[in-house]
1. Sort shortest first the distances from residue B:68 to its counterpart in every other copy, using label points 7 Å along the Cα-to-beta-carbon line, and give them in nm.
2. Dividing the alpha-carbon Rg of the protein assembly as shown by 2.2 N^0.38 Å yields what?
3. Roughly how many percent of the accessible protein surface of the protein assembly as shown is carbon and sulfur, given a 1.4 Å probe and a whole-percent answer?
4. Taking beta carbons within 10 Å but only from partner chains, what does the mean come to for residues B:53-61?
5. Measuring label to label, 7 Å along Cα→Cβ, what does residue A:8 give against each other copy in nm, shortest first?
6. Just report the Cα centroid separation between the stretch A:104-122 and the stretch A:7-21, whole Å.
7. As an exercise, use a Förster radius of 51 Å and the Cβ-Cβ distance of residue A:55 and residue C:106 to find the FRET efficiency, rounded to the nearest 0.05.
8. Mind giving me the FRET efficiency for residue C:30 and residue A:22? R0 is 51 Å, r the Cβ-Cβ distance, nearest 0.05 is fine.
Amino acid sequence: MSKFFNHQLKTIERETMIKITHLVREDVRKSKIISGIILVYCPHTTSGITINENADPHVIMDLLYTFRKVFPANDPNYLHYEGNSHAHVKSALMGNTVNLILDNGEIVLGTWQDIFFCDFDGPREREFFVKIIEG
Amino acid sequence: MSKFFNHQLKTIERETMIKITHLVREDVRKSKIISGIILVYCPHTTSGITINENADPHVIMDLLYTFRKVFPANDPNYLHYEGNSHAHVKSALMGNTVNLILDNGEIVLGTWQDIFFCDFDGPREREFFVKIIEG
Amino acid sequence: MSKFFNHQLKTIERETMIKITHLVREDVRKSKIISGIILVYCPHTTSGITINENADPHVIMDLLYTFRKVFPANDPNYLHYEGNSHAHVKSALMGNTVNLILDNGEIVLGTWQDIFFCDFDGPREREFFVKIIEG
């Protein structure tokens, strides 16, 4: 058995990481699946999905700062006409999926882990998908 | 049910990203599986698999350029005797798998998404695997 | 059918990459599953899991060196009070999972591939999980 869910979200900043763990948990509850794996999938090429620290919001700020520092937006050698090549790079590096273990009805997450949707070229209307496979 | 496919490809440049979406789609068609997840797996340590923009080829060129800029090939501190440590770094960062959702007989991809095989140490004979699991 | 395994490990250096392939192979043997997919999951936010070269240990040293060079620990702009933001960045970039294909009772790995647990903020007591799903 499997279930497929679809989520819309609106980002309001140019670069942002938004917690989506509660949305994935709600999908798990609705699915009634208690053991399996979960795939969270981002269908965009200038955003991504990752897992990182949930407690101190400075961690996320430091992460976005590091990305801006190492992969600056305004490199004069970029060829892509839209001017957002830096966001494509960040998306590729962050990855557009996370994989989770579902055990005993709960998502297996470390104490400090939350799932984040990352927008590197907002603000925009975005979406992500959740596929839960029993097993 | 599941299906396992094997693909060979020959890269002709030192660094390149090659669209393989049509090959994965063909595997899906042959598998006759209409719902599940797909794992695309690269068995090499100086190449990788990623998902990024399919429309403007400049995006891929900017991505490879950024990787060369930030992770240059000729760092004198590299110890590995083969001289391709930069390619191992890029492979680790890009990742050697992508995960896809299969729904209603179609791979769930965003409008601008294609799957790419990335070679960071070509030209070489390369391969990749596709595992489709029903669910 | 599926099986879920739990592993503890103790890292003894500040930054390290430790081969765990043999541990995942042992889980596969115990599971008695011969075809499917394997998810190796790290529940920490300053460590990760990756696949890279197993032969020359200099590759791993070059990888950790490159990470230290490009994402230095002591950036004065970091806000996070624990002072380990660089490790959170490395964790996000390396990723906290790997996905493997299980075929004919064997993990499908390239000749030069091994699975590594990466600690970017050790030494610590760490753990990782292995979920094997039949299919």
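The values are calculated or read from the model by the stated rules, or taken from the named source; none is laboratory data. Since this is a predicted model, take the numbers as computed values, not measurements. Reconstructed Cβ throughout: ideal geometry from the backbone, glycine too, with neighbour counts over all protein chains shown. In case anyone asks, the SASA skips ligands and DNA or RNA and just uses the protein heavy atoms, side chains included. Shrake-Rupley method; radii C 1.70, N 1.55, O 1.52, S 1.80 Å.
1. With the label placed 7 Å along Cα→Cβ, residue B:68 yields 2.8, 2.9 nm.
2. On the way: Rg = 19.5 Å, N = 405, 2.2 N^0.38 = 21.5 Å.
Here the answer is 0.90, to two decimals.
3. 51
4. Shielding by partners across B:53-61 averages 6.
5. Once sorted, the set of distances for residue A:8 reads 4.9, 4.9 nm.
6. 12
7. The pair residue A:55/residue C:106 has a calculated efficiency of 0.80.
8. My answer for the efficiency is 0.90.
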